[in-house]
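These notes concern the structure reproduced below.
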Amino acid sequence: MMQRIGVFLAALVLTAGVALGAGNGVAKRPAYRIGVEDVLDIQVWKNPEVSRQVWVRPDGRITLPLVGEIFVEGMTLAELTDEVTTRLKEYFTDPVVTVSLVEINSYTVYLLGRVNSPGAMKLRSPKTFLQVLSMAGGFQEFADTDSVMLLRWEGDKEKRIPVDAESILKRGEGDFLLRPGDVIVVP
């Protein structure tokens, strides 16, 4: 029995590594992308009048003194640091900018239907379907695990993706990373 659990865990780790873009067996996570409602701390060395914490507005933008508005949704912290530095060069010689993530509020997924704790789930890092299902307390007794559906928006188009929950649960095969805004429907 312990050997079967070990094999299952090894398969799960391997699946997660492949899903995360692992190379040579070492999982490499992609850089965090800024999202709507995230809170950022932008510090400009020796310039406290420009430094501040900002909230990413619903339009994906932030506003900074001297810099103006920047569309930041989808940027990495390094990309935003470069953009703010470039814009401040008009006002300062060699500005030193540091951008930090204070709060992750954009990574939310939703579970509907026959799970033990349905609703919005704010995540702090990427999670797989199986991990989120576990966080929601699993399926309810009469859940139709053959008809689980993932709703995902790409641009302004909705994609309906069937989820093979039985295969994920029983064999540890086919687990996948969820994206911000994903909706899992369990009839």
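The values are calculated or read from the model by the stated rules, or taken from the named source; none is laboratory data. None of these values were measured; they are calculated from a predicted model. All Cβ positions, glycine included, derive from the backbone under ideal geometry; neighbour counts span all protein chains shown. What goes into the accessible areas is simple: the full protein's heavy atoms, side chains included, and nothing from ligands, DNA or RNA. Shrake-Rupley method; radii C 1.70, N 1.55, O 1.52, S 1.80 Å.
Both numbers refer to the Cα atoms of the range 38-113; Rg and Dmax are 13.8, 57 Å. For a modelled paramagnetic label at Glu103, 7 Å from Cα along Cα-to-Cβ, the residues of the range 39-62 in reach, with backbone nitrogen under 17 Å, are 39-42, 52-62. Full extension of the chain segment joining Arg57 with Ser134 gains 24.6 nm, where the gain is 0.36 nm per residue of separation less the Cα-Cα distance.
The average projected area of the range 97-187, computed from the convex hull of its Cα atoms over all directions, is 7.1 nm². Cross-link reach is defined here as a Cα-Cα straight distance under 28 Å, omitting same-chain residues fewer than 8 places apart; for Lys28 the lysines meeting it are Lys122, Lys127, Lys159, Lys170. Relative to its Kirkwood radius, the Cα radius of gyration of the range 88-149 gives an Rg/Rh of 1.35. Label sites at Lys46 and Lys28, each approximated as a point 7 angstrom past Cα along Cα to Cβ, lie 3.7 nm apart. Per residue, the range 17-155 exposes an accessible area of 57 Å² to a 1.4 Å probe, with every protein chain left in place. Relative to the longest principal axis of the Cα atoms of the chain, the long axis of helix 2-19 lies at roughly 40 degrees. Using only the alpha-carbon atoms, how far is helix 77-88 inclined from the longest principal axis of the chain? Give it as 0 to 90 degrees, nearest 10. Relative to the chain, helix 77-88 is tipped by roughly 20 degrees. Placing a pseudo-label 7 Å from each Cα along the Cα-to-Cβ vector at Phe142 and Val96 gives an inter-label distance of 6.5 nm. Derived scalar couplings between HN and Hα for the range 139-155 equal 6, 6, 4, 9, 5, 8, 6, 7, 10, 5, 10, 9, 9, 9, 9, 10, x Hz in order, rounded to whole Hz, by the Karplus curve 6.51 cos²θ - 1.76 cosθ + 1.60 (θ = phi - 60°), x for Gly and Pro.
With only the Cα atoms considered, the chain has a convex hull volume of 145 Å³ per residue.
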